[in-house]
Amino acid sequence: MTFFSTAAEQDPVVSCRPHCGACCIAPSISSPLPGMPDGKPAGMACLHLDQQMRCRIFADPARPAVCDSLQPRWSMCGDGPRAASMNLAELERLTMP
Ligand code: SF4
Ligand code: SF4
C-alpha cells in the first residue's frame, strides 16, 4: 500500500493546450535561439511562435534543448493560458539570479 503520492502524481504531465504559447512568452531563455543569439527576455514572445501559438521550428534540430526538454505539467500549464502565464512569471521570479 502507498501512503504518499509521488511528485509525478502531484504534478502530472498534461497535454499541451492549443493556442496557449505561454511557455514561449513568459519565461526568459538564456540559450541562443535561431535569430535570437542572446536568447530572449521574460515576457517577450519567441520569434518562432506563429499566429496559432505553435512553434515554427518544432522539428528543427536548431530548436534549443531547453525547449525540447520542457514537459507540460499541471503546475506550469494550469487550466488555461492566463494561469500558465502567471505560473511561469512566478517561476521566473523565483529563479532570477
Ligand atoms: S504553457 Fe503548457 S499548455 Fe501552454 S504552450 Fe506551454 S506547454 Fe503548452
Ligand atoms: S523555439 Fe519554439 S518552443 Fe522554443 S520558445 Fe521558441 S517558439 Fe517556443
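Only the coordinates and a few stated rules stand behind these numbers; no lab work does. Because the structure is predicted, anything quoted here is derived from the model rather than measured. So basically every Cβ, Gly included, is an ideal-geometry build from the backbone, and we count neighbours across all protein chains shown.
What the table shows:
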item: Selection count where residues are within 13 Å of ligand 1 (Cβ to nearest atom) and either touching a residue at least 60 places away in the same chain (Cβ under 8 Å) or closer than 18 Å to SER75 by Cβ (or both), scope region 7-50; result: 16
item: All helices (runs of 4 or more DSSP H) inside the chain with 3 or more residues being surrounded by fewer than 15 Cβ atoms within 10 Å (Cβ to Cβ); result: 7-10, 65-69, 81-94
item: All positions within region 51-62 that are away from ligand 1 (no atom under 16 Å from the Cβ) and under 12 Å from the mean Cα position of the chain (by Cα); result: none
item: Residues of region 63-95 that turn out to be more than 13 Å from ligand 1 (Cβ to nearest atom), among the small types (Gly, Ala, Ser) and within 18 Å of ALA45 (Cβ to Cβ), as a count; result: 0
item: Only listed residue being more than 29 Å from GLU9 (Cβ to Cβ) and not charged (D, E, K, R), chosen from MET86, MET76, MET36, MET53; result: MET36
